Amino acid sequence: MAGSGKVELAEALALGPGWRHACHAMLYAPDPGKLFGRIPLRYAVLMQMRFDGRLGFPGGFVDSRDGCLEDGLNRELREELGEAASAFRVERADYRSSHAAAGQRVVAHFYAKRLELEQLVAVEAGAPQAKDHGLEVLGLVRVPLYTLRDGVGGLPAFLKNSFIGTAREQLQEALQDLGLLESGSGRKTSAHRPQ
Ligand code: APR
Ligand code: MG
């Protein structure tokens, strides 16, 4: 029996029928934009403000309608993000990790999907028409990847928000492992003064 924490996908799939499976996805796209004309944005990374006032990734519970985890995830993405999410499909190849919460008997699977910026912007534009908008989803937000010169503004301040489940850890791990924080030269994000 798994406790709480990271589990292998095979182990997660072998959990008993008393467990519920949820899938969430980080959608991201290269973004050439610069804040104040000089701070590179690097990537647009999407999260959402949830109905419970916490930040999380779009997605949700997989149920008996769904043929597999990814069917459930893509259905949830359409419900929460709207029809622009039909332009792509999050696949098993995008899978990153699973976390079990023994108390709630929920195992949460996490995916990261790289899009073109145009596709991500289309998701943002269509999100107010999504079925769950204003209900389970209060709005999409982009994650600031830079750190401002005060050492707090940007990503460090963003990470001080409240996050659902393991969403904060999922975000930090994905940003690191996918290399989204590194500049083209391989250096860490340097500090910039906002004005
Ligand atoms: N990491 C780990 N767990 C997460 C994450 C995450 N990033 N995001 C959400 N969870 C957990 C939540 O705590 C919840 O238990 O996964 C479960 C399902 O995720 P949601 O996105 O909240 O589920 P969804 O199917 O979209 O619908 C929410 O569930 O609790 C009910 O009544 C509630 O109708 C609401 C529905
Ligand atoms: Mg959800």
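Taken together, the values in this text are just the output of simple stated rules run on the coordinates, not laboratory data. Just so it is clear, the structure is predicted and the values come from calculations on it, not from any experiment. Cβ placement follows ideal geometry from the backbone for every residue including glycine, while neighbour counts extend to all protein chains displayed.
Is there a quick way to get the dipole size of region 131-182? I mean about its Cα centre, with the Cβ of Lys and Arg at +1 and of Asp and Glu at -1; what is the value in debye to the nearest 20?
220 debye
Within a 10 angstrom radius of the beta carbon, how do Asp66, Asp71 rank from fewest other beta carbons to most?
Ranked by crowding around the Cβ, least crowded first: Asp71, Asp66.
Could you sort out which of Lys34/Lys113; Lys113/Lys160; Lys34/Lys160; Lys6/Lys34 sit more than 26 Å apart by Cα distance in this structure?
Details: Lys34/Lys113 23 Å; Lys113/Lys160 24 Å; Lys34/Lys160 23 Å; Lys6/Lys34 36 Å.
Where the Cα-Cα span goes over 26 Å, the pairs concerned are Lys6/Lys34.
Can you sort Val106, Val7 by how many other beta carbons sit within 10 Å, fewest first?
Val106, Val7
Residues in region 100-140, backbone N under 20 Å from the label point at Glu8 (7 Å along the Cα-to-beta-carbon vector): list them, ranges by number please.
Correct set: 100-102, 107-111.
Using θ = phi - 60° and the Karplus curve 6.51 cos²θ - 1.76 cosθ + 1.60, what whole-Hz ³J(HN,Hα) does each residue of region 16-31 get, with Gly and Pro shown as x?
Working through the residues one at a time gives x, x, x, 9, 9, 10, 10, 10, 9, 9, 9, 8, 8, 8, x, 10 Hz.
Give me the distance in nm between label points sitting 7 Å out from Cα along the Cα-to-Cβ direction at Leu135 and Ala157, one decimal.
In this crude spin-label approximation the distance works out to 3.4 nm.
May I ask you to derive the relative contact order of the chain, considering only C-alpha pairs under 8 Å and at least 6 residues apart, and to give it as an integer percent?
Here the relative contact order equals 27 percent.
Mind listing the long-range amide H neighbours of Leu35? Cut-off is under 5 Å, sequence gap 5 or more, other chains count too, H placed in the peptide plane at 1.01 Å from N.
Answer set, sorted by chain and number: Leu41.
Starting from the Cα gyration tensor of region 43-111, multiply each eigenvalue by 5, take the square root, and state the resulting semi-axes largest first in whole Å.
19, 16, 13
Hey, what number do you get for the chain at 222 nm if only DSSP H runs of n ≥ 4 count, each worth -39500 (n - 2.57), divided across all residues, to the nearest 500?
After summing the helix terms and dividing by residue count, I get -6000 deg cm²/dmol.
State the Cα centre-to-centre distance between region 92-159 and region 53-71 in whole Å.
Using only Cα atoms, the two centres lie 13 Å from each other.
With a Förster radius of 45 Å, plug the Cβ-Cβ distance of Arg65 and Lys34 into 1/(1 + (r/R0)^6) and report the FRET value to the nearest 0.05.
Values: r = 44 Å, r/R0 = 0.97.
FRET efficiency, Arg65 to Lys34: 0.55.
If I take all pairs of Cα atoms in region 38-156, what percentage of them are more than 19 Å from each other?
Tail of P(r) above 19 Å: 53 percent of Cα pairs.
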